[in-house]
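The values are calculated or read from the model by the stated rules, or taken from the named source; none is laboratory data. These numbers were taken from a predicted model, which means no experiment stands behind them. Cβ sites come from the backbone with ideal geometry, for glycine too, and all protein chains shown count toward neighbours.
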Amino acid sequence: MGQEANIEKLKASLRRSLIRPGDDGYDAARKIYNGMIDRRPAYIVEAVDAADVIAAVNFGRDTGRTVAVRGGGHSGPGLGTVDKGLVIDLGRMKGVRVDPAGRTALVQGGSKWGDVDHATHAFGLATPSGFISTTGVGGLTLGGGIGYLARRFGLTIDNLIGADVVLADGRFVTASETENSDLLWALRGGGGNFGVVTSFEFRLHPVDTVYGGPMIWPLKCAPSRGATPARWIWRNGDSRRSAKTSARRQSTSPGRFPSRCSRASSTR
């Protein structure tokens, strides 16, 4: 099949228009979070479901185009875009379904962590994510995933229990502990380029409001040896106690801090 025939086949298979250089909206569609990266893909597919992803993967394979997958578009080195290649943009696949009884969440591949937190918080649940709500679920998860809840509940990949994946040959498969377990192992830290993950299934944990951020004192007000906030939280805290509360209790301990240093900076 010739190049133009492949293009027409792809266009007919998509729920949305295939975006190419010169089209209205091309510059907006190729934009990513890191403004220092200015790449010009030959094709951009704004997928809305797994069928769109399958069509795009088949097109990239059949035409020999380099394929980049964009989830949240937050990648520092710009891994979600490519010059003269094909970008599969999952940004419109943002659904999150929470199972509060089973404490799991099914998250589409284009979701950002703000989408996940919004959906799970209503049930008093959460899964370890990153530090910024606009980070994409896909990039952070497949990169390991470290954030505020990591010490208590592990990395994001430690809580990944399943995934739907489009492989390079266009097949759609599910990876779990009981089905394609080797692929799940690979997704949980085995490297990269195993396929396009269209949805993730995460284990959730009981988590309510969490306060986090730096606690800062002038150097002259530094805690005495053995009286650091980290030690206090370790001895007295649990996953629900806030860093702000810990800082206040620590700062008011007799003889530990001068009164002028009793207030620490923290963020919610």
Going through region 21-30 one residue at a time, which ones are surrounded by 13 or more Cβ atoms within 10 Å (Cβ to Cβ) and either in a loop (DSSP other than H, G, I, E, B) or not assigned by TED's automatic domain parsing to the domain that holds residue 72 (or both)? 21
Number of positions in region 82-105 that are acidic (Asp, Glu) and either in a loop (DSSP other than H, G, I, E, B) or more than 29 Å from residue 59 (Cβ to Cβ) (or both): 2
Any residue at all in region 44-51 that is assigned to a helix (DSSP H, G or I), under 25 Å from the mean Cα position of the chain (by Cα) and surrounded by fewer than 16 Cβ atoms within 10 Å (Cβ to Cβ)? yes
How do the strands (runs of 3 or more DSSP E) wholly within region 123-213 filter down when requiring 2 or more residues that are within 22 Å of residue 66 (Cβ to Cβ): which remain? 160-166, 196-203
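Yes or no, residue by residue, for (1) modelled with pLDDT of 95 or more; (2) surrounded by 14 or more Cβ atoms within 10 Å (Cβ to Cβ); (3) not assigned by TED's automatic domain parsing to the domain that holds residue 108:
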site	(1), (2), (3)
138	no, yes, no
142	no, yes, no
154	no, yes, no
159	yes, yes, no
180	yes, yes, no
196	yes, yes, no
211	no, yes, yes
232	no, yes, yes
244	no, yes, yes
Conditions (1) assigned to a loop (DSSP other than H, G, I, E, B); (2) touching a Pro at 6+ places or on another chain (Cβ under 7 Å) -> residue 73 fails only (2)
